[in-house]
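Presented below is the structure to which this report refers.
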């Protein structure tokens with residue numbers, strides 16, 4: 001979730017805002033019904049009203065929606081915007097929308113529930129001929145020389161004053177992609193398109209593609225730079241490519257296990273894959289092969305990397321994810337289960353707090369601690 005300051009930074013990105021504003025101005029009509037998924041503090045909903053929308057449904061699961069409500073009222077649009085605090089996949093609208101506007105993809109479109117939310121909205125919440133903003137994303141990648149960026153990740157684990165072997169931590173950081181700012185002069189290969197997302201037709205939230213380059217110049221390669229071009233609507237586009245005006249999104253940097261010295265003419269192949277896990281977030285994999293002058297018998301590097309290995313998981317935690325594991329609820333689970341079963345629509349939070357304090361006195365010596373636990377679960381699960 002973004003902070004209010006984070007939403008402010010997105011509004012301050014004039015290239016982004018000008019492009020989305022132009023798109024909304026071109027498609028919103030006086031009788032339009034607009035759906036704004038991930039409204040945040042409501043800027044797109046406000047613009048839709050300003051351009052004449054009859055009704056706007058602004059959906060946001062975060063508490064930032066309370067600020068959006070206040071801003072809408074302050075600008076005279078409180079009656080035309082219906083704010084709904086929920087995930088869009090859990091919402092039913094009284095009418096289908098003519099326009100969908102959303103910008104919840106992050107640095108890359110394959111981000112959390114972004115694509116499933118769009119697919120669900122298309123199927124349930126939009127009119128058959130609805131306009132989607134944005135309409136299409138095209139993802140690009142290039143091999144990059146990024147010594148300083150790579151050093152930030154690996155230097156603490158490669159060299160330390162205490163002469164400890166810390167390669168276990170290095171393996172984790174080199175299996176973690178991160179936000180970066182990549183410049184055009186850091187590209188060792190030309191940019192290659194590796195995926196296109198048409199939001200009017202996309203069904204699968206996963207992506208798998210193989211990209212091959214021939215090194216355009218010699219240098220030390222540290223990994224992949226990835227970015228996107230976006231068709232916001234017909235005639236309204238923006239690009240996050242290195243060398244273009246800097247946008248709020250940043251670039252994605254996928255580090256290699258070790259740097260590779262490339263000569264002009266070397267061939268680099270990367271199989272890039274993103275799999276959505278439990279509608280929550282993506283596991284990324286990037287398998288790399290570098291061939292000396294394209295000769296299959298001269299392998300300079302062969303890496304198999306995944307963000308699955310980018311998190312420190314203990315054997316006991318991995319065992320608990322195994323399909324054959326037979327779990328037994330611990331005390332925290334018992335507490336949560338007791339609280340949730342007490343939420344019957346007829347019992348106040350104060351009474352539930354009293355009951356949980358009596359049931360688990362050693363865990364809640366203070367009434368305020370029990371109320372905080374009950375309140376968190378109420379906020380997350382109650383209707």
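The values are calculated or read from the model by the stated rules, or taken from the named source; none is laboratory data. Computed from a predicted model, the values in this text were never measured in an experiment. Positions of Cβ are backbone-derived with ideal geometry, glycine not excepted, and every protein chain shown enters the neighbour counts.
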All but one of (1) surrounded by fewer than 16 Cβ atoms within 10 Å (Cβ to Cβ); (2) at pLDDT 95 or above; (3) within 16 Å of the chain's Cα centre (by Cα) hold for residue 111, so report the exception by its number.
(2)
Breaking point among (1) surrounded by 13 or more Cβ atoms within 10 Å (Cβ to Cβ); (2) touching a residue at least 60 places away in the same chain (Cβ under 8 Å), for residue 198:
(1)
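Being at positive phi and assigned by TED's automatic domain parsing to the domain that holds residue 128, is that true of even one residue in the range 18-38? Give the derivation first.
In the first step, residues of the range 18-38 are kept if they are at positive phi; the result is 38.
Now restrict to residues that are assigned by TED's automatic domain parsing to the domain that holds residue 128: 38.
Taking every residue of the range 18-38 in turn, at least one turns out to be at positive phi and assigned by TED's automatic domain parsing to the domain that holds residue 128.
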(1) in contact with a helix residue (DSSP H, G or I) (Cβ under 9 Å, 6 or more places away or on another chain); (2) farther than 30 Å from residue 117 by Cα; (3) in contact (Cβ under 8 Å) with a residue 24 or more places away in the chain: which one isn't true of residue 166, the others all being true?
(3)
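Taking the options 118, 104, name whichever one is assigned to a helix (DSSP H, G or I) and assigned by TED's automatic domain parsing to the domain that holds residue 46.
118
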Which of the following residues is modelled with pLDDT of 95 or more and surrounded by fewer than 20 Cβ atoms within 10 Å (Cβ to Cβ): 265, 310?
265
Determine whether residue 128 is modelled with pLDDT of 95 or more, surrounded by fewer than 15 Cβ atoms within 10 Å (Cβ to Cβ) and in a strand (DSSP E or B).
yes
Reported set for the range 146-165 where residues are in a loop (DSSP other than H, G, I, E, B) and surrounded by 13 or more Cβ atoms within 10 Å (Cβ to Cβ) is 146
Test for residue 244: is it over 30 Å from residue 295 (Cβ atoms), in contact (Cβ under 8 Å) with a residue 60 or more places away in the chain and not assigned by TED's automatic domain parsing to the domain that holds residue 99:
no
Among the residues of the range 287-296, are any under 22 Å from the mean Cα position of the chain (by Cα) and modelled with pLDDT of 95 or more?
yes
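Suppose we filter the range 239-264 for residues that are closer than 30 Å to residue 11 by Cα and part of a strand (DSSP E or B); how many remain? I'd like the intermediate steps shown before the answer.
Residues of the range 239-264 that are closer than 30 Å to residue 11 by Cα, as a first pass: 239-254.
Narrowing further to those that are part of a strand (DSSP E or B): 239, 251-254.
Result for the range 239-264: 5.
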Unique match (being touching a helix residue (DSSP H, G or I) at 6+ places or on another chain (Cβ under 6 Å) and buried (at least 20 other Cβ atoms within 10 Å of the Cβ)) among 182, 133, 172:
133
Assigned to a strand (DSSP E or B) and in contact with a helix residue (DSSP H, G or I) (Cβ under 6 Å, 6 or more places away or on another chain) - does that describe any residue in the range 204-221?
no
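Quick one: would you say residue 142 is buried (at least 23 other Cβ atoms within 10 Å of the Cβ), outside the structural domain of residue 46 (by TED's automatic domain parsing) and under 24 Å from the mean Cα position of the chain (by Cα)? Full working, then the answer.
Values: buried (at least 23 other Cβ atoms within 10 Å of the Cβ): yes; outside the structural domain of residue 46 (by TED's automatic domain parsing): yes; under 24 Å from the mean Cα position of the chain (by Cα): yes.
Considered against the rule, which asks whether it is buried (at least 23 other Cβ atoms within 10 Å of the Cβ), outside the structural domain of residue 46 (by TED's automatic domain parsing) and under 24 Å from the mean Cα position of the chain (by Cα), residue 142 comes out as yes.
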For the structure I just gave you, tell me whether residue 303 is buried (at least 16 other Cβ atoms within 10 Å of the Cβ) and closer than 20 Å to residue 145 by Cα.
yes
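Condition test on residue 175, is it modelled with pLDDT of 95 or more, part of a loop (DSSP other than H, G, I, E, B) and assigned by TED's automatic domain parsing to the domain that holds residue 258?
On the way: modelled with pLDDT of 95 or more: yes; part of a loop (DSSP other than H, G, I, E, B): yes; assigned by TED's automatic domain parsing to the domain that holds residue 258: yes.
Yes: the conditions hold for residue 175.
Within the range 265-382, which helices (runs of 4 or more DSSP H) (wholly inside it) include 2 or more residues that are farther than 30 Å from residue 167 by Cβ? Spell out the reasoning first.
Working: elements: 315-319, 331-342, 349-359, 367-381.
So the answer is 331-342, 349-359, 367-381.
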Which is free of Cβ contacts under 8 Å to residues at least 60 places away in the same chain, assigned by TED's automatic domain parsing to the domain that holds residue 306 and within 22 Å of the chain's Cα centre (by Cα), of 193, 237?
193
